[in-house]
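The values are calculated or read from the model by the stated rules, or taken from the named source; none is laboratory data. These numbers come from a predicted model, not from an experiment. For neighbour counting, all protein chains shown are included, and Cβ atoms are generated from backbone atoms with ideal geometry for every residue, glycine included.
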């Protein structure tokens with residue numbers, strides 16, 4: 001993740017890619033807590049505890065995934081080609097396999113990265129995950145980032161303040177979300 005920059009096109013699914021248009025945080029230094037979800041095929045997804053993953057097809061915080069849950073994994077032999085990008089949903093599903101979680105461990109590792117892609121997903125460690133977290137309700141985060149995504153789509157421009165690290169936008173979005181929710 002340290003080498004990914006705004007504009008980098010990353011894999012977001014079995015037959016899809018998307019550009020990274022901004023970052024919530026990009027902190028290459030420091031030790032941070034993570035959850036390692038090991039699957040029956042020996043692969044492991046490492047994510048922050050609040051990162052939302054597709055456990056059993058439902059957005060779930062990585063910390064809430066349990067042994068026996070399934071994660072969508074990209075088949076080890078799946079290649080991403082122009083042919084696969086134009087394939088049908090049925091063909092795309094053929095390169096995604098349900099990976100059964102057999103172990104959930106808490107680990108500490110260096111760096112903390114949270115990129116946002118235009119389509120809202122990302123492939124991490126061979127697993128399809130969302131780009132959302134529990135830090136801000138998904139609907140509020142989508143709404144807060146929609147203007148930035150639109151500007152990036154139209155112009156390729158992204159606010160550099162969001163790329164350098166820190167949690168500035170996350171804290172601002174959380175404050176706005178709480179204020180908006182208290183109105184209702």
Got a sec? Which of 172, 177, 143, 139 is under 29 Å from residue 71 (Cβ atoms), surrounded by 11 or more Cβ atoms within 10 Å (Cβ to Cβ), out of contact with any strand residue (DSSP E or B) (no Cβ under 7 Å at 6 or more places or on another chain) and at pLDDT below 65? 177
If I go through the range 1-20 residue by residue, how many of them are assigned to a strand (DSSP E or B) and either touching a strand residue (DSSP E or B) at 6+ places or on another chain (Cβ under 6 Å) or under 14 Å from residue 124 (Cβ atoms) (or both)? 9
Going through the range 13-43 in order, the residues found to be closer than 18 Å to residue 112 by Cβ and surrounded by fewer than 16 Cβ atoms within 10 Å (Cβ to Cβ) are 28, 29, 30, 31, 32, 33
